[in-house]
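Here's the structure, in structure tokens; my notes come after.
Laboratory data are not the source of any read-out in this text; all were calculated from the coordinates shown. Quick caveat, the model's predicted, so the values are computed rather than measured. A quick note on method: Cβ atoms are made from the backbone with ideal geometry, for glycine too, and the neighbour counts reach across all protein chains shown.
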Amino acid sequence: MLVKTYGSAVHGIEALTVTIEADVSPGLNFHLVGLPDNAVRESQQRISTAVQSVGMNIPGKRIVINMAPADLRKEGSAYDLPLALAVLAASGQINSRFLEGTLCMGELALDGTLRPVRGALSMALHAKKEGFERCVFPLDSAREAAVVEGIAVYGVTHLAQVLDLVEGYPGLEPLRVDDPADFPTRPTADSSTRPTAGFKLSPTPGSSTASSAGQAYPDFAQVRGQAQARRALEVAAAGGHNVLMTGPPGAGKTFMTKCLPGILPSLTRPEAIETTRIWSVAGLPRKEQGLMRTRPFRAPHHTASVVSLTGGGAHALPGEISLAHNGVLYLDELPEFPSTALEVLRQPLEDGTIRLSRARYKVDYPARFMLVASMNPCPCGFNGHPSRECVCAEYQIRRYQNRISGPLRDRMDIHLVVRPVDVEDLIPREGFVAQAEDSQAIRARVEQARVVQLERFRGLEGVHTNARIPVTLLPRFCPLDVPCRAFLKQALERLHLSARAHHRILRLARTIADLDGSAALQLQHLAEAVQYK
């Protein structure tokens, strides 16, 4: 008897249908074809024991299973569930009618328990597109897939539940996730109690900001002095701009960057779907159920390899630049990173995507991230320090700074020189204690600027922030009057800036104008943008 079940393979963040054809006939063999890898071939032993745990058995007959398309390599243990259902249906032990419109995936433990799979959200989106009626996933994976509207998603924990579902027994309903279609631009006060909540800002100045991933970020109220750096990071957060901070050790570069996630707005729904798909394919744990709500913040160590940054490997998994999609990628001690690892950032910073080309696969991953990097001015760190003497020779300083290539520097929107903190700011005189502005107040302005940008770019696919305005649309979104044109021309000539720098100045000025509540670019907006370059 020939029976078909349906699974799915994930290629990058896109999913493909895998049709599993099972035939049981007289004989005594087990054939599994269709380019399965070792993990798929080993499923025979897992399936046999798991099926016995629910009172059934794999028949001792000739079993032939084909996984189509046959030219696509099938990898991983997530095909256990559709393979087991195909064999049971082909041997007449369960009803095959339910399986016709069902896409199912899951790894089977020996006791019949189902373990999570990667890429469930991409599979559910593909299943809806292909006209499937329902999806069956392990419960932990089904929570993210359940946000897809228009298809029933069942979350199961054991093979017995799947068999009850196939036979039509009542009791298991499609999963529902509290995930509103219209994402709020700001978490509500009780957002931490909802399954899909983002982080909640503490109303107490100076307290930490906690993300839904369970990591606490410091508050900007704890930053002493550094007014220019605080302003620059606010502009960067509002428009998604890249930042390069240069300053001596202890000036607060790393601490301020760790404060940055506390002023970033929650993900919009399109951004949340993109980001969740990447994290789901990577198989990284998240505390959020359903879609991600908080923007990712990735901070790889300077010993990170090219593959760990870009992605790839044996199974084409996403790297750090893709995991930071729609969020922040922080590179501390930038010159200490291998030059080959830094240079691969140039193309993703421009295109917002990374193509992994290997002998076995070619995969595209989204990589629209906000790059924040910090570095010392020299190997000892005290070049230009007002009170500490630099012990580096001139050639050492040049060699150290030249580790960051000109093309990579040109892709940074904001070049920020961070000065040492004044003693008066660290230990103010009695009676002159000034409370710095906290993250909640800064985030309110950032969110308002992001709302303006969402309205501006409505209908433009892949454009959510000013930093991603296409060059062809700059005259439309960043028009200049005669005084602004004259000022910008003079600045470009005096500073010898490139055409790319010119475009980035316009995008940066657009963000500064949005923070100022101005519909038109004015001279002061351009002046501040040029100052950052």
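Residues with amide H under 5 Å of Val117's amide H, sequence separation 5 or more or different chain, H placed in the peptide plane at 1.01 Å from N; which?
Ser141
For a protection proxy built on the mean count of beta-carbon atoms within 10 angstrom, sort 154-165, 497-508 highest first, please.
Ranked by mean Cβ neighbours within 10 Å, highest first: 154-165, 497-508.
Structure shown: which of Lys4/Lys129; Lys258/Lys533; Lys258/Lys362; Lys362/Lys533 lie over 30 Å apart, alpha-carbon to alpha-carbon?
Lys258/Lys362; Lys362/Lys533
For region 205-440, what is the charge dipole size about the Cα centre, in debye to the nearest 20, if Lys and Arg each add +1 at the Cβ and Asp and Glu each add -1 at the Cβ? Kindly include the intermediate steps, with their values, before the conclusion.
On the way: 26 positive and 23 negative charges, 155 e Å.
The calculation lands at about 740 debye.
Dipole magnitude of the chain about its Cα centre, charges +1 at Lys/Arg Cβ and -1 at Asp/Glu Cβ only, in debye to the nearest 20?
Using only the charged Cβ atoms, the result is roughly 1120 debye.
If packing is taken as the mean number of other Cβ atoms within 10 Å per residue, what is the order of 348-355, 228-235, highest first?
Most protected by this proxy first, the peptides run 228-235, 348-355.
Please work out whether the chain counts as rounded, prolate or oblate from its C-alpha gyration tensor, where a ≥ b ≥ c are the square roots of the eigenvalues and a/c under 1.5 means rounded, while otherwise a/b larger than b/c means prolate and anything else oblate? Intermediate results must be reported in sequence, preceding the final value.
Details: a/c = 2.34, a/b = 2.14, b/c = 1.10.
Prolate shape, in that a/c is at least 1.5 and a/b is the bigger ratio.
Tell me, what HN-Hα J-couplings in whole Hz come from the Karplus equation 6.51 cos²θ - 1.76 cosθ + 1.60 at θ = phi - 60° for each residue of region 522-533, using x for Gly and Pro?
With the stated coefficients, region 522-533 comes to 10, 4, 5, 5, 5, 4, 5, 5, 5, 4, 6, 7 Hz.
Ordered by residue, what ³J(HN,Hα) values in Hz, to whole numbers, does region 491-496 give under the Karplus form 6.51 cos²θ - 1.76 cosθ + 1.60, where θ = phi - 60° and Gly and Pro are x?
Rounded to whole hertz, the list is 5, 5, 5, 6, 8, 6.
Please state the relative contact order of region 2-167 as a whole percent: Cα pairs under 8 Å, 6+ residues apart? Don't skip to the answer; put the middle values down first.
On the way: 376 pairs, mean separation 40.6, N = 166.
Relative contact order here is 24 percent.
Taking amide hydrogens as modeled 1.01 Å from N in the peptide plane, which residues meet the under 5 Å criterion relative to Leu317, leaving out close sequence neighbours?
Gly312
For a quick protection proxy, order the peptides 116-123, 336-343, 460-467 by their average other-Cβ count within 10 Å, most packed first.
On the way: 116-123: 26.6, 336-343: 16.0, 460-467: 18.6.
Ranking, from highest mean packing down: 116-123, 460-467, 336-343.
Using +1 on the beta carbon of Lys and Arg, -1 on that of Asp and Glu, and nothing else charged, what's the dipole of region 469-532 about the Cα centre, debye to 20?
Numbers: 8 positive and 5 negative charges, 55 e Å.
My answer is approximately 260 debye.
For region 469-532, what does the relative contact order come out to in percent, with C-alpha contacts under 8 Å and a separation of six or more?
40
Using only alpha carbon pairs under 8 Å that are at least six residues apart, calculate the relative contact order of the chain and give it in whole percent.
It rounds to 12 percent for the chain.
Each residue of region 34-45 in turn: what ³J(HN,Hα) in whole Hz from Karplus with 6.51, -1.76, 1.60 and θ = phi - 60°, glycine and Pro shown as x?
These are the phi-based 3J(HN,Hα) values: x, 6, x, 8, 4, 5, 6, 5, 6, 5, 4, 5 Hz.
Quick one: grab the alpha carbon gyration tensor of region 205-440, order the square roots of its eigenvalues as a ≥ b ≥ c, and give me rounded if a/c is under 1.5, else prolate or oblate depending on whether a/b is larger than b/c. Spell out each step's value before the answer.
On the way: a/c = 2.49, a/b = 1.28, b/c = 1.94.
It comes out oblate by the Cα gyration axes.
Kindly identify region 392-523 as rounded, prolate or oblate by the Cα gyration tensor criterion: order the square roots of the eigenvalues as a ≥ b ≥ c, call it rounded if a/c is under 1.5, otherwise compare a/b with b/c, prolate if a/b is larger, else oblate.
Cα axes put region 392-523 in the oblate bin.
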